[in-house]
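Right, one structure below, let's go through it.
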Amino acid sequence: MKKTTRFKQMLQSKDLEFICEAHNGLSAKIVEEAGFGGIWGSGLSISAAMGVRDNNEASWTQVLEVLEFMADNTKVPILLDGDTGYGNFNNMRRLVAKLEQRGVAAVCIEDKIFPKTNSFIKGEEQPLADIDEFAGKIKAGKDAQRDDDFCIVARTEAFISGWGLEEALKRASAYHEAGADAILCHSKLSTPDDITDFMKEWGDRCPVVIVPTMYWQTPTQLYRDHGISMVIWANHMLRTSIRAMQDMARHLVEHQSLAAVEKSLPTVKEIFRLQGMAEYERWEDQYLPKKKGGRAIILAASKGSNFGNLTDERPKAMLEVEGRPVIASSVKTLREAGVKDITIVTGYKPEAFTLGTVNYVHNADWQATSEIGSLLAARDKIKGDGHLVVAYGDVVARPFVMDNLVRSEAPMTVVVDYKHPAKKTRKSVDWAMVSPERVEGIKEIDYHLTKIDDTIEAERASGEWIGLLGLNEHGIDVLLATIAELEGKGVAIASWTLPQLLSHIAETGKATIAVQYIHDNWLDVDDLKDLSDLYRF
Ligand code: SPV
Ligand code: MG
């Protein structure tokens, strides 16, 4: 049902209806969630929340901006307190048009002079509008509305300004005749006498709305008994929040601690809920490209043999450059590529690993086993949704390298540097043999790995495997099946290296291992020179 139709129904229903003040998108949501069927866009509260007076200090378009947030954030109708209509008949026409465009169901205008002052401030001193002029304004508004159900509530301030019942009735009749959908009869008395006097004479000529801010002690049944249509709780969200904020601010100044108050507060999660984060997350799932790098296993069991006593207390993956462990760079790059579930396999000095946001698995047999032994220590993490990255703990690559790897569609993918110079200090290099032979400048060729071997001569190799392997769900199945098959044959698979296993898979044709070529943009940390390179990386 349209908000306008709903509001009109509320006005016209036989039941006494209640709407409650809100002054921004959040309070509007809170009012709606509490169960109110409608919202009062209070001029007093909206201006106060802006830090200005209820004297039309905020421009009408500024008020409109607030109303738009309120309407966007709720499904129940909003009755805007439109003050005097912010000008004459012409301003009223434009106001109604804009309110309809922004999803506001109804507007209430009061018979005072622009710029107005709040009714509870020197009410007697505020001149009333000329009756005919105000009736013309109502007509103009009714003629401007495009939606038949948009409502205009005409508010008379006859009691507020001290004119009394006769004037109130005269004005209400004129406004009703001009087309107003309801009359708001306002009073500043602490008793409901103005209202009950009015209702006795007015009868059921058209719906009557009241604002019992001052006669707050009146039992609600009295309004029913007098045939009132709608009650507006006009400022109670604002006043509640003022008290809560004052108390909290004073407490924090005084105690400089959250300890005594935290438990009394809504959680930060509750803020997120009110902001509709659940909806955002559904949209994220629907519209953001799915990052495939679901999980990563980083093999970091080895000590590192070229660092002398630097590795007495920690493995090379935990050596620090500028206060940051080597492996933290890999973790950061993985995260940036969307890989959230990261497991580090430790061996040597597991207690040295202090990164907080990753999982750890320990390969207790790290000295007797090799890379596959470490990988199998994290066996539970191999299978799962989406992509798996297997990385050496001492390899650092630029984010785009990792990004391309997790986006690969191939069952298995390795990253190969096509001309990384073999470093003299290193005992072995994982030379990759790739087919077909690389053609400079052409990207569309599907290169695949035939072998990784550290015994062939550099000149024969297509490049160097940099220690990054990506697998999709099919690739993971092949990897696990291959391991199971080898274990079944009694092969001591735990002592195999990753290159051995990848070569076996390539050679037996169990899966095609795609090659992503890069040049530079990565390094592995084998010695002190590498560490200083990482400093500049
Ligand atoms: C408002 O809420 O801004 C009103 C009601 O106009 S009153 O403050 O009672 O005038
Ligand atoms: Mg007001």
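The values are calculated or read from the model by the stated rules, or taken from the named source; none is laboratory data. Source: prediction; values computed, not measured. No Cβ is skipped: glycine too gets one built from the backbone with ideal geometry, and neighbour counts run over all protein chains shown.
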Checklist line | Qualifying residues in the stretch 119-160 (those that are within 16 Å of ligand 2 (Cβ to nearest atom) and surrounded by fewer than 18 Cβ atoms within 10 Å (Cβ to Cβ)) - the one nearest to Ile39 (Cα to Cα) | finding: Phe120
Note to self: Can you find, within the stretch 105-119, the residue that is nearest to ligand 1 (Cβ to nearest atom) among those that are assigned to a loop (DSSP other than H, G, I, E, B) and closer than 20 Å to Val208 by Cα?
What the structure shows: Ser119
Next item on the list: Could you figure out which of (1) surrounded by fewer than 17 Cβ atoms within 10 Å (Cβ to Cβ); (2) within 16 Å of ligand 1 (Cβ to nearest atom) isn't true of Gln101?
Entry: (2)
Next item on the list: Name every residue in the stretch 221-248 that is of a type in the set (Gly, Ala, Ser) and within 16 Å of ligand 2 (Cβ to nearest atom), in order of residue number.
Entry: Ala234
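Look at the stretch 161-180 and say how many of its residues are buried (at least 24 other Cβ atoms within 10 Å of the Cβ) and without any contact (Cβ under 8 Å) to a residue 60 or more places away in the chain.
Number satisfying all stated conditions: 3.
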Next item on the list: Please enumerate the residues belonging to the stretch 1-60 that are touching a Leu at 6+ places or on another chain (Cβ under 7 Å), in a helix (DSSP H, G or I) and within 16 Å of ligand 2 (Cβ to nearest atom).
Entry: Ser45, Ala48, Ala49, Trp60
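Residues checked against (1) in a strand (DSSP E or B); (2) more than 16 Å from ligand 1 (Cβ to nearest atom):
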| residue | (1), (2) |
| --- | --- |
| Val153 | yes, no |
| Trp163 | no, yes |
| Glu166 | no, yes |
| Leu169 | no, yes |
| Tyr175 | no, yes |
| Ala180 | no, yes |
| Ser187 | no, no |
| Thr196 | no, yes |
Notebook entry, point to check: Going through the stretch 424-461 one residue at a time, which ones are among the β-branched types (Val, Ile, Thr) and assigned to a strand (DSSP E or B)?
Noted result: Val434, Thr450, Ile452
Checklist line | From Glu485, Glu464, residue being in a strand (DSSP E or B), out of contact with any helix residue (DSSP H, G or I) (no Cβ under 7 Å at 6 or more places or on another chain) and under 21 Å from Thr512 (Cβ atoms) | finding: Glu464
Item checked: Criterion: touching a residue at least 12 places away in the same chain (Cβ under 8 Å), touching a Phe, Trp or Tyr at 6+ places or on another chain (Cβ under 6 Å) and either buried (at least 22 other Cβ atoms within 10 Å of the Cβ) or of a type outside the set (Ser, Thr, Tyr) (or both) - qualifying residue of Gly373, Gly393, Gly347, Gly386 -> Gly347
Notebook entry, point to check: With Gly41, Gly37 as the choices, which residue is away from ligand 1 (no atom under 16 Å from the Cβ), under 22 Å from Ile228 (Cα atoms) and at pLDDT 95 or above?
Noted result: Gly37
Notebook entry, point to check: Mind checking which pairs have a first residue in the stretch 399-416 that is in the same structural domain as Trp431 (by TED's automatic domain parsing) and a second that is assigned to a loop (DSSP other than H, G, I, E, B) and small (Gly, Ala, Ser), Cβ under 6 Å, 6 or more apart or different chains?
Noted result: Met402/Ala337; Asp403/Ala337; Val406/Gly293; Val406/Ala337; Pro411/Ala511; Met412/Ala511
Margin query: I'd like to know if the stretch 72-82 contains one or more residues that are farther than 20 Å from Ser229 by Cα, within 16 Å of ligand 1 (Cβ to nearest atom), without any contact (Cβ under 8 Å) to a residue 60 or more places away in the chain and part of a loop (DSSP other than H, G, I, E, B).
Written below: no
Item checked: Condition met for Pro315 (out of contact with any Asp or Glu (no Cβ under 6 Å at 6 or more places or on another chain), within 18 Å of Asp533 (Cβ to Cβ) and either β-branched (Val, Ile, Thr) or surrounded by 18 or more Cβ atoms within 10 Å (Cβ to Cβ) (or both)) -> no
